[in-house]
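Structure first, commentary second.
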Amino acid sequence: MPEKKVTAATLAGAIATILVWILHLTGVDIPAEVAAALTTVLAAVAGYLAPHTHRLDLAQPAGEKSAST
């Protein structure tokens, strides 16, 4: 199962690409540089806002107390 943050960023990038394509079909011409920047910004925001996926197979970070202690 992929990390939620990775999934959110990937979907945001795809949505931005589709949005630019739809705008192009309606006659709005967006430069490639702006489309790339839009995709990057939306993916970064989505990745930042998405919740972290807790993975039991990873060791607990040093200095953190476990919930059972």
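The values are calculated or read from the model by the stated rules, or taken from the named source; none is laboratory data. In this text the structure is predicted, and so the values were computed from the model without any measurement. Heads up, the Cβs are rebuilt from the backbone with ideal geometry, glycines too, and the neighbour counts pull from every protein chain shown.
So the check is Cβ under 8 Å with 6+ separation or different chains; which pairs have a first residue in the stretch 46-69 that's within 16 Å of Lys4 (Cβ to Cβ) and of a type in the set (S, T, N, Q) and a second one that's in a loop (DSSP other than H, G, I, E, B) and modelled with pLDDT under 75?
Thr53/Met1
The conditions are (1) β-branched (Val, Ile, Thr); (2) assigned to a loop (DSSP other than H, G, I, E, B); (3) touching a helix residue (DSSP H, G or I) at 6+ places or on another chain (Cβ under 8 Å); (4) at pLDDT 85 or above, and Val28 fails exactly one of them. Which is it?
Tallying (1) β-branched (Val, Ile, Thr); (2) assigned to a loop (DSSP other than H, G, I, E, B); (3) touching a helix residue (DSSP H, G or I) at 6+ places or on another chain (Cβ under 8 Å); (4) at pLDDT 85 or above, Val28 fails exactly one: (3).
Give the residues of the stretch 31-57 that are exposed (fewer than 15 other Cβ atoms within 10 Å of the Cβ), part of a helix (DSSP H, G or I) and not hydrophobic (A, V, I, L, M, F, W, C), sorted by residue number.
Result: Glu33, Thr40, Tyr48.
Got at least one residue in the stretch 5-22 being of a type outside the set (S, T, N, Q), in contact with a His (Cβ under 9 Å, 6 or more places away or on another chain) and not in a helix (DSSP H, G or I)?
Checking the stretch 5-22: not a single residue is of a type outside the set (S, T, N, Q), in contact with a His (Cβ under 9 Å, 6 or more places away or on another chain) and not in a helix (DSSP H, G or I).
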